[in-house]
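Here the structure is laid out as structure tokens; the discussion comes afterwards.
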Amino acid sequence: MERPHGPALTFHALRRAFKTSIAERLIPEAQWADHAKALVRKLTDKAHVDSGLVDWIIRK
């Protein structure tokens, strides 16, 4: 998947926050999608999180 459309710095900051969070909390890969959704909701105050954005954030 391509990088989502919007401010590149914002998306990269979300991805960096996610990567840091899973490393610090030792979150198993099976829980990454749920954790990414929760993190995006928390950081953006948005109820809906686009599945494409989640896929981009959790990709290796």
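We did not get these values from a lab; they are worked out from the coordinates using the rules stated. The shown structure was predicted, so the numbers you read here are calculated from the model rather than taken from an experiment. With ideal geometry, Cβ positions are generated from the backbone for all residues, glycine too; neighbour counts draw on all protein chains shown.
Cβ separations smaller than 7 Å between residues 6+ apart or across chains give the following pairs from the stretch 31-60 residues that are closer than 15 Å to A13 by Cβ to residues that are assigned to a helix (DSSP H, G or I) and not hydrophobic (A, V, I, L, M, F, W, C): L39/S21; I57/R15. Would you please name the residue that is surrounded by the most Cβ atoms within 10 Å (Cβ to Cβ), looking only at residues in the stretch 28-40 that are more than 13 Å from A17 (Cα to Cα) and of a type outside the set (D, E)? My answer is A33.
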